[in-house]
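Input: a single structure, listed below in structure tokens.
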Amino acid sequence: MDHSSLEQNHIQLDHISFSFGETVVIRDISIALQRGGAYALIGKSGIGKSTLLNLIAGFLKPDSGQVTIEGKQVTGPREQTAFLFQELGLFPWQTVFQAVAMPLKIHGNTSDIPARVLSLLAELHLDQHKDKYPHQLSGGERQRVALARTLVGNPDLLLMDEPTSALDAMTKEELQSLILRQTQARNTTLLFVTHDIEEAVLLGQTILVLNEDGPLSYLENPCFGIQNPRESLAFYDETIQIRTLLRVESR
Amino acid sequence: MKQFLKRLLSSQLMGFVCFLFVWQVLHLLLNTHTVPSPLDTIACFFSIPFVLLKHAGASILRVVVAVALSLLLGIPAGILLAVNKTIKRLFSPLLYFLYPIPKIAFLPVFMLLFGLGNPSKIILIIFIIVFQIMLSVRDGVAQINPIYFQVMDSFCVSPRQRYRYLIVPAMLPNLFSGLRISIGISLASLFFAENYATQFGIGYFILSAWTKMDYVEMFSGILMLGFIGILLFNLLDRLESVCVPWQRRSVDNRN
């Protein structure tokens, strides 16, 4: 896959730079992401992974360069880009049903809201919790509600900032396979930031390693999409390869 | 029997019985006309029910109108103070200057400007409670988790939708706390607001009995003021459980 080509890509970052005051966070990065692809973004803490995600989401504007999605320059948040925040941001005053229905109401998709929401809740095994408030749910259930809220509008791009960092191992595995199933079924492009190398290998078709001087390393992931990846040798080879790469970068 | 006793002990009635007991002890200890016996007071209370209800009705009407108008003024002002930096910078010092001043000091000004009738009484109560409501709303909006605004941004909401889905529900718990305090203060301020140019209102009734040195009647008026408080606070609790159901469930969960 050529990740810097300017041809028909879903998302294109052209020579993006961004600074917080005097501190340069992103330095001249160009990436091309293809529609329906799953991309893991990894790198050292404070290297600008979340900033890059925020630039693509339209929450931040680059100092130079441009972000284009579907050939249109990103100048602010767009309806078809969904963002799953690390803190989730579920409103305490909304029940599960209300939270998932909200994006549809906001975007004026008022036809058949209950049916669409209930069917998604059933897919995510949340139907029995539809009248509960966030404080009445477990961590994993809250995470699934936030995922349902981002997916209900059928976005073409899903951005996730450390989506499973606060979960225990079992819940994390469940959520990871759920994310994969849901995004593949919708042909949604997935770009996520993670510190967890195993998660990157499980969810990422391509693993992007953000380097200190800006440009990215690309690793095609041979384990992506295979049955029970954790049981394959290639999975461990891939994690070792990434760990070595990160270690070299940090030196 | 055990269950009956448990229910009785935990009921609101038990609190009232304890209060009457302390009152009776005080009456016996002080042995003065100024603290009449609770039994005499209750007898007086039930001997003039319609008189008391008439005065209570006038007071409730003044408090409800004042609270409603204070909400109309205080909610938008509180939101503006929280979301608009220029307005916050301009008006916060004025708010802090006016908030601690005893507003009752402005009563002559209100009498001069709005006459001796109901308008000056209602405006006095508004002036007393509106700052509380403004500050409660302002703090409620200012305390919204910044990530919630980012969630709203990610859904590309209009300003109206931002108010509907985020700002208004987020400020409600604080608004109800502010309302509870405001109703308490407005009931207390009736005593001043109804001491001139009126013959209706529980404040007037208490003051009139006081000047006649009819302490039994005065205390039955105080009793009625307490019942007005119970009525208004219970109504507010009901309204809160409808408007802020997530708070009720989180309290229930903790219990």
Only one of these is surrounded by 22 or more Cβ atoms within 10 Å (Cβ to Cβ), of a type outside the set (Asp, Glu) and farther than 19 Å from A:GLU87 by Cβ: A:THR189, A:THR150, A:THR164, A:THR239. Name it. A:THR189
Residue satisfying all of: in segment B:39-52; surrounded by 12 or more Cβ atoms within 10 Å (Cβ to Cβ) and either under 12 Å from B:PHE205 (Cβ atoms) or of a type in the set (A, V, I, L, M, F, W, C) (or both); nearest to the chain's Cα centre (by Cα) among these: B:LEU52
Enumeration of residues in segment B:201-223 that are touching a residue at least 24 places away in the same chain (Cβ under 8 Å) and within 16 Å of B:SER37 (Cα to Cα): B:MET213, B:TYR215, B:VAL216, B:GLU217, B:PHE219, B:SER220, B:GLY221, B:LEU223
Report every pair of residues separated by at least 6 positions or lying on different chains whose Cβ atoms are under 6 Å apart, first residue within segment B:146-174 and more than 7 Å from chain A (Cβ to nearest Cβ), second of a type in the set (D, E, K, R). B:MET152/B:ARG162; B:ASN174/B:ASP139
Count of segment A:190-226 residues which are within 23 Å of A:LEU167 (Cα to Cα) and at pLDDT below 75: 1
Based on this model, can you work out whether A:ASP156 counts as out of contact with any Gly (no Cβ under 8 Å at 6 or more places or on another chain), surrounded by fewer than 19 Cβ atoms within 10 Å (Cβ to Cβ) and not hydrophobic (A, V, I, L, M, F, W, C)? no
Tally, over segment B:205-246, of residues that are within 18 Å of the chain's Cα centre (by Cα), within 14 Å of chain A (Cβ to nearest Cβ) and either within 19 Å of B:VAL17 (Cβ to Cβ) or β-branched (Val, Ile, Thr) (or both): 0
Taking only segment A:217-232 into account, find how many residues are loosely packed, with under 14 Cβ neighbours inside 10 Å and part of a strand (DSSP E or B). 1
Residue ranges of helices (runs of 4 or more DSSP H) in segment A:125-205 with at least 2 members touching a residue at least 60 places away in the same chain (Cβ under 8 Å) and away from every other protein chain (no Cβ under 14 Å): A:169-186, A:197-203
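Restricting to segment B:175-203, count the residues that are aromatic (Phe, Trp, Tyr) and within 14 Å of chain A (Cβ to nearest Cβ).
To start, the set of residues in segment B:175-203 that are aromatic (Phe, Trp, Tyr) comprises B:176, B:191-192, B:196, B:200.
After this cut, where a residue has to be within 14 Å of chain A (Cβ to nearest Cβ) as well, the list is B:176.
Residues flagged as aromatic (Phe, Trp, Tyr) and within 14 Å of chain A (Cβ to nearest Cβ) within segment B:175-203 amount to 1.
Is it the case, given these coordinates, that B:VAL141 is facing chain A (nearest Cβ under 10 Å) and out of contact with any Asp or Glu (no Cβ under 8 Å at 6 or more places or on another chain)? Outline the logic, then answer.
Details: facing chain A (nearest Cβ under 10 Å): no; out of contact with any Asp or Glu (no Cβ under 8 Å at 6 or more places or on another chain): yes.
So B:VAL141 does not fit the description; no.
The values are calculated or read from the model by the stated rules, or taken from the named source; none is laboratory data. These numbers come from a predicted model, not from an experiment. Please note: Cβ atoms are built from the backbone with ideal geometry, for glycine as well, and neighbour counts cover all protein chains shown.
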